[in-house]
Amino acid sequence: MLTREEYAEARRLHSEGWSLSAIARSLGRDRKTVRSYLVGGRTPGVRNSPQDPFGPFVPYCQQRLCDDPHLEATVLLKEIIALGYQGGYSTLTRALRRHRLRPICTQCRYTTPDQDTGDVPADGDELRFTWLKLPAPPPRWGAGSHAHVLVGSLPSGRWRATLAENEDLPQVIEAIDLVLRRLGQTGCCWRFDSSLAAKCQSNGRGEPELLKVARYYGTDISNGRPCRSIPASPVPDPLRPIEDFWWRTIHPDTRLQAAQGSLDHLAAWLDLRHPEIGLPNRAGEVVSGVPDAGNRSLALPPAPFPARIQVARTVSSHDLVPFRGNHYAVSPGLVGAKVEVSWRLDEPCLSICTTRGAVIARHTLAPRGAGRVVSGPGPTITLERTQSRERKDHTPRDGTTRSPLTPSAVAHSHALRS
């Protein structure tokens with residue numbers, strides 16, 4: 001930049017016939033700088049702001065990200081390089097953040113913490129999940145040496161729990177859905193205890209499938225930030241009444257369905273003892289009596305997350321396959337054969353398949369632990385095989401989904417080329 005005094009001196013020397021190079025050497029400035037001031041391209045004493053090389057590509061990038069909020073920056077970089085962009089990946093990502101071009105996806109229905117302001121989800125929005133292993137369950141449950149109970153609790157003190165067959169990921173997803181259905185809501189943030197956190201990556205975020213489940217229910221998984229202090233709740237820890245009261249009353253002959261019913265009754269009874277936490281409505285369901293400060297609960301989707309549960313079973317001597325406290329019939333002559341029970345959480349029927357995937361029977365799912373024998377209208381062996389690829393659910397698209405150019409993006413690209 002030339003000051004007003006330097007500009008006046010440059011004008012005087014130029015009127016005397018000095019060359020641009022001689023004027024530049026006399027002032028100690030670059031020749032191109034002196035020339036830009038003499039021809040009127042710049043104003044003396046005013047510093048020009050640097051031009052943003054990303055500016056011409058803002059409309060195109062904005063259109064592409066409006067069409068697909070999950071479009072990866074690497075894909076976008078490849079497209080604008082073909083249109084003349086000369087920057088790199090980090091320059092592009094900084095420009096996207098500076099111009100705020102990536103919109104919030106409406107399908108995800110959640111917002112990530114703002115890194116600039118440091119906002120974190122309020123503790124009143126958290127729903128905490130805890131695994132509880134109880135020793136020596138009734139043998140008829142088929143749970144092995146320990147019974148698995150998933151407990152979901154809100155900061156207000158309300159909690160619900162459900163029995164699970166094991167801690168495999170599909171069983172965890174089913175247990176999470178059952179807990180949410182019993183609570184009738186979900187928080188804006190999930191937090192898991194140490195045993196469930198073992199299923200997460202080292203960076204604190206949930207593994208891809210578990211994070212996908214959270215987004216399906218319109219929430220997010222806590223990324224390991226320390227919790228803020230929470231006022232002491234008038235309700236004791238939900239694990240204590242489950243261990244000290246409910247589990248001691250389970251008889252070795254208690255059915256799984258009866259045990260789950262008594263666990264639900266215990267949770268509702270504790271809500272009645274603390275009116276500030278929950279009150280029963282006319283339908284007998286317990287609802288919150290005094291809403292939590294800052295609690296932004298979200299409605300549940302109509303159907304569970306479409307996870308598929310697959311367990312190995314052996315056909316009994318009566319041509320029956322046990323599953324969840326019920327027995328399902330198969331064709332005669334398969335006694336002792338190894339089969340696989342497959343059931344998707346959002347479907348009302350289950351399939352019994354061979355170890356190679358051929359469907360040999362399909363029945364309507366009976367209530368869990370009802371002790372029914374489901375025979376159906378004569379199951380027959382078929383050559384139909386289960387599909388290797390499940391149908392897509394309604395979760396948001398990830399970066400691997402194809403995102404072709406829309407007509408609006410094509411128009412912006414033509415404008416850049418011209």
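The values are calculated or read from the model by the stated rules, or taken from the named source; none is laboratory data. Predicted, not measured: the structure shown is a model, and the values here were computed from it. Don't worry about glycine lacking a Cβ; one is built from the backbone with ideal geometry, like all the others, and counts go over all protein chains shown. Calculation scope for accessible area: heavy atoms of the full protein, side chains included, ligands and nucleic acids excluded. Shrake-Rupley method; radii C 1.70, N 1.55, O 1.52, S 1.80 Å.
Collect the residues in region 1-33 that are assigned to a loop (DSSP other than H, G, I, E, B) and open to solvent by less than 40 Å² (accessible area, probe 1.4 Å), keeping them in residue-number order. Quick ask: steps written out before the conclusion?
In the first step, residues of region 1-33 are kept if they are assigned to a loop (DSSP other than H, G, I, E, B); the result is 1-3, 16-19, 28-30.
2 - this is the single residue of region 1-33 that is assigned to a loop (DSSP other than H, G, I, E, B) and open to solvent by less than 40 Å² (accessible area, probe 1.4 Å).
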* Whichever residue in region 39-55 is modelled with pLDDT of 80 or more and surrounded by fewer than 16 Cβ atoms within 10 Å (Cβ to Cβ) and, among such residues, is nearest to the chain's Cα centre (by Cα) -> 55
* **Any hit, region 99-110, residues being assigned to a strand (DSSP E or B) and at pLDDT 75 or above** => no
* Structure fact -> residue 36 fails exactly one of (1) free of Cβ contacts under 8 Å to residues at least 12 places away in the same chain; (2) part of a loop (DSSP other than H, G, I, E, B); (3) open to solvent by less than 40 Å² (accessible area, probe 1.4 Å); (4) not aliphatic (A, V, I, L, M), namely (2)
* Asked: Would you say residue 130 is modelled with pLDDT under 90, polar (S, T, N, Q), under 19 Å from the mean Cα position of the chain (by Cα) and assigned to a loop (DSSP other than H, G, I, E, B)?
  -> no
* Within region 56-77, how many residues are among the β-branched types (Val, Ile, Thr) and either surrounded by 19 or more Cβ atoms within 10 Å (Cβ to Cβ) or free of Cβ contacts under 8 Å to residues at least 40 places away in the same chain (or both)? -> 1
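For the structure I just gave you, tell me whether residue 164 is at pLDDT 80 or above, more than 15 Å from the chain's Cα centre (by Cα) and of a type in the set (A, V, I, L, M, F, W, C).
Details: at pLDDT 80 or above: yes; more than 15 Å from the chain's Cα centre (by Cα): yes; of a type in the set (A, V, I, L, M, F, W, C): yes.
Yes.
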* Tell me, which residue of region 310-334 that is part of a strand (DSSP E or B) and β-branched (Val, Ile, Thr) is surrounded by the most Cβ atoms within 10 Å (Cβ to Cβ)? -> 321
* With 201, 257 as the choices, which residue is surrounded by fewer than 18 Cβ atoms within 10 Å (Cβ to Cβ) and either at pLDDT 55 or above or in a helix (DSSP H, G or I) (or both)? -> 257
* Restricting attention to region 249-266, which residues are in contact with a strand residue (DSSP E or B) (Cβ under 8 Å, 6 or more places away or on another chain) and either among the hydrophobic types (A, V, I, L, M, F, W, C) or on the phi > 0 side of the Ramachandran plot (or both)? -> 256, 259, 263
* Structure fact -> Listed by first then second residue, the pairs whose first member lies in region 233-248 and is under 16 Å from residue 148 (Cβ atoms) and modelled with pLDDT of 80 or more, whose partner is among the hydrophobic types (A, V, I, L, M, F, W, C) and in a helix (DSSP H, G or I), with beta carbons under 8 Å and at least 6 positions apart or on separate chains, are 242/263; 242/266; 246/263; 246/266
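Can you spot a residue in region 260-268 that is modelled with pLDDT under 85, under 30 Å from residue 325 (Cβ atoms) and touching a Leu at 6+ places or on another chain (Cβ under 8 Å)?
Within region 260-268, the first condition is being modelled with pLDDT under 85, and the residues that meet it are none.
Within region 260-268, none of the residues are modelled with pLDDT under 85, under 30 Å from residue 325 (Cβ atoms) and touching a Leu at 6+ places or on another chain (Cβ under 8 Å).
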